[in-house]
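A short write-up of the structure that comes next.
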Amino acid sequence: MVKTRIITIPFFKASRLNFRNNPKKAAINCLSLSSFKLFFWLHELKQRYARDKDWFFHSDGNMAENTGLSEKTIRKARKELARFGFIQTWKMATIENGKKTSVHITAYRLLK
């Protein structure tokens with residue numbers, strides 16, 4: 001008797017506009033694997049956190065932990081995605097007791 005194992009794969013909806021009939025289509029083929037992985041993870045985070053806004057934020061440390069990439073790789077991939085016009089980013093700061101904390105938070109906007 002052969003034992004089978006069922007594997008569930010999380011599913012999220014990513015915009016096909018970035019892949020079909022788009023001038024950026026050629027850029028998708030030039031992305032590194034790290035940037036491609038980050039791109040899809042950002043789509044997942046947008047669906048979780050953006051709701052009615054067009055932007056969301058996430059810390060670099062949590063992003064690295066969730067993707068399995070290092071923080072340095074996250075930064076490089078983020079720059080690559082921004083350079084090709086897939087995302088817009090800006091830095092944010094958290095404040096506790098009236099002082100900025102050392103947590104590095106980045107705000108993201110996915111561009112169509």
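The values are calculated or read from the model by the stated rules, or taken from the named source; none is laboratory data. This one's a predicted model, so the numbers in the text were calculated from it and none came from an experiment. Glycine gets a Cβ as well: all are built from the backbone with ideal geometry, and neighbour counts include every protein chain shown.
Which of the residues belonging to the range 81-106 are surrounded by 14 or more Cβ atoms within 10 Å (Cβ to Cβ) and closer than 16 Å to TRP55 by Cα?
Keep residues of the range 81-106 that are surrounded by 14 or more Cβ atoms within 10 Å (Cβ to Cβ), which gives 81-82, 84, 86-89, 104-106.
Once the filter is applied, which keeps residues that are surrounded by 14 or more Cβ atoms within 10 Å (Cβ to Cβ) and closer than 16 Å to TRP55 by Cα, the range 81-106 yields LEU81, ALA82, PHE86, ILE87, GLN88, THR89, ILE105, THR106.
A count restricted to the range 55-71 and to residues that are in contact with a helix residue (DSSP H, G or I) (Cβ under 9 Å, 6 or more places away or on another chain), not β-branched (Val, Ile, Thr) and not in a strand (DSSP E or B) stands at 10. Within the range 67-80, one or more residues are of a type outside the set (Val, Ile, Thr), surrounded by 13 or more Cβ atoms within 10 Å (Cβ to Cβ) and touching a strand residue (DSSP E or B) at 6+ places or on another chain (Cβ under 7 Å). What are the pairs with Cβ atoms under 9 angstrom where one residue, in the range 50-63, is farther than 13 Å from TRP90 by Cβ and the other, located anywhere, is in a loop (DSSP other than H, G, I, E, B) and modelled with pLDDT of 90 or more? Sequence gap at least six, or different chains. So the pair list comes out as MET63/LEU69.
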